[in-house]
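The numbers here are math on the coordinates, done by the rules we state, and not lab data. Since the model is a prediction, treat every value here as computed from it, not as a measurement. FYI the Cβ positions are ideal-geometry reconstructions off the backbone, even for glycines, and counts take in every protein chain you see.
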Amino acid sequence: MAIVIVGVQLAGAVISGTLAYRGASAAVAAHEPTALALHILVVTAIGLLVSLSGCLLVTRHTTDPLRELTDLVGTLTPDQLSRRALPIGGDEVGQLSAAVNGMLGGLEERDFIKDAFTRYVTRQVRDVVLQGGLELGGELVTATILMADIRGFTPLVEHMPPKQVVRILNRYFTEMVEECMEHGGLIDKFIGDAILVVFGAPVRLAPELSARAAARAALGMQRRLARLNDALAAEGTQPLRIGVGVHTGEAIAGNIGAPQRLDYTLIGDSVNTATRIESACKEVGSDVLISEATRILLGDAASVGAPVTVHLKGKSRPTAVFPLLGLQP
């Protein structure tokens, strides 16, 4: 760009100088000062015209692409990141267009990675990872853990083709995951036909709020399951039954594993307790059981059945659990 501007100015100066020299020489030789002054005026006007024409040409060459770039960036939305500016030459404007294209390509790739990443981990974990939270270790948190498992799934699918089993599981998990995520749950992991969900980490919540969110999710899962069973029955497939255990307590939340492969999860007795409570659903004959700690946090908003004392596997003392029947808004 600088070469073009200098070239335009130099061309104007050469043309003006040449005309001025020839005209001045002729006027001096003829002893006509008026003609000399008039000639200088005409040459000056020609020089200005040449310079202005060159400047306008350079300006147009610059402003039109810049205007297009401004319109492109100004109207850009996340679903339009595939748009590209048209590079024009190898000058500074062309380099700027190429830089904008590179930026758009990077943004498009970032959004693709975020979208793909979110399909394998939850939004909360994705945000933690993208913010640089990749260090091994954890922190002590108070959270509510929800464990849900399909009752009698093995004999149910024993004679089903594998593809049909996967199809049913995916439909089931889609409904359960949507319900839990609506209430801010972190899908910790899938364990066969079971699902472990955390409320209160990595996004911190007061214990009362995490308990309420988990209870609402547990009841919502039952409602969604009823609708799914209606659809399965219409297709000639046996209905599904699930047991849900909910417990609130302390656990270590953080990145567990090795530098090559990390897993954001919760570890602690409270996680094991929630798993054991879920296993007790069949024994008690209830679809949703909550621990005494969760029951206290829910307060009068929860409608529960009579407490049942169970012996949870791995626990030295009996544990009181409560069938969850409903929850006030």
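Quick look at the values:
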{"quantity": "Given charges at Cβ of Lys, Arg, Asp, Glu: segment 135-327 dipole, positive-most of Leu232, Gly137, Val308", "calculated": "Leu232"}
{"quantity": "Glu208 versus Glu235: modelled label distance in nm, points set 7 Å from Cα along the beta carbon direction", "calculated": "4.3 nm"}
{"quantity": "Pair Glu182, Glu158: separation of 7 Å Cα→Cβ label points (nm)", "calculated": "3.5 nm"}
{"quantity": "Rg and Dmax of segment 135-327, Cα atoms only, in Å", "calculated": "16.6, 49"}
{"quantity": "Debye log10 I(q)/I(0) for segment 248-291, one point scatterer per Cα, at q = 0.22 Å⁻¹", "calculated": "-0.75"}
{"quantity": "Unit charges on C-beta of K, R, D, E only; dipole of segment 135-327, Debye", "calculated": "300 debye"}
{"quantity": "Centre separation in Å (Cα based) which lies between segment 144-158 and segment 196-239", "calculated": "13 Å"}
{"quantity": "Proxy reagent accessibility, fewest Cβ within 10 Å first, across Met176, Met103", "calculated": "Met103, Met176"}
{"quantity": "Hull shadow area, averaged, segment 140-224 [alpha-carbon convex hull, nm²]", "calculated": "5.7 nm²"}
